[in-house]
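What follows is a set of notes on a single structure, which appears directly below.
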Amino acid sequence: ATLTPLGLRALLKWPRPLPQEEERARLVREVGIELGRSFGGQAANLVRAANQSAAELVRLVVAHFPGFRDSCVYGGSQVFLYKRAQIFVGDLYGSFRGEGLGKFRDIANLTMFADYRVPVTLLELGVLEYGKELSGAVAAKEVLEPGCPQEVEIRACTVRAVEMILEEMRRTFKDASLVPMSIELDWFLWKEGEKRRDVSDPHHRVLTIFY
């Protein structure tokens, strides 16, 4: 609850200033304070409170930690993306191999984790296509406003595109075991994007705490 930016650097063994360093330290303090207040100071107690439900754990994280409330208004409607809350659950599942604290009966209900890398991969595959204005802004490495229509469209369309790929896979493969979950397809696409990051087109840029 007293972590400073310098303390965060030391914790991460990071040799230079971090982007939005003060805000990152504040978010870690926020998590520590709320874990102490509501979960006995233990993240494991937060996970256990979800009773092996991925959806419930996402709900608990968003309810207790404001820094995870990844939502915005688009066209008069509220859009909930919850990237960091969902990837927290997904990482637990992956790290514990679906057992113990990583066992969730509804893990398949999570969406992919909407950020900046997978959209580039989907663009290169021809799954996504940006309009001329957005393409120019991304290519010029312009910084988009957090929650602006363009950012929301990139992230929301990435989520929808992954679901459409999975829908097509279900139609194509008779064996359901060959079809991955949304988070597994996200992992694959993200890794492919990371392999090509030095030769790929630029990703969109935005100063945000949500991814």
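Read-outs throughout are calculated quantities, based only on the coordinates presented, and are distinct from any laboratory measurement. As the structure is a prediction and not an experimental result, all values here were calculated from the model. Please note: Cβ atoms are built from the backbone with ideal geometry, for glycine as well, and neighbour counts cover all protein chains shown.
The residues in region 95-110 that are assigned to a helix (DSSP H, G or I), surrounded by 13 or more Cβ atoms within 10 Å (Cβ to Cβ) and without any contact (Cβ under 8 Å) to a residue 24 or more places away in the chain can be counted, and the count is 1.
When 74, 82 are checked against the criterion of being surrounded by 11 or more Cβ atoms within 10 Å (Cβ to Cβ), under 27 Å from residue 150 (Cα atoms) and in contact with a Lys or Arg (Cβ under 9 Å, 6 or more places away or on another chain), a single residue qualifies: 82.
Scanning region 193-207 for residues being crowded, with 17+ Cβ neighbours inside 10 Å and more than 18 Å from residue 129 (Cβ to Cβ) gives a total of 1.
Yes or no, residue by residue, for (1) in a helix (DSSP H, G or I); (2) surrounded by 16 or more Cβ atoms within 10 Å (Cβ to Cβ); (3) free of Cβ contacts under 8 Å to residues at least 12 places away in the same chain:
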{"residue": "78", "(1), (2), (3)": "no, no, yes"}
{"residue": "92", "(1), (2), (3)": "yes, yes, no"}
{"residue": "112", "(1), (2), (3)": "no, yes, no"}
{"residue": "129", "(1), (2), (3)": "no, no, yes"}
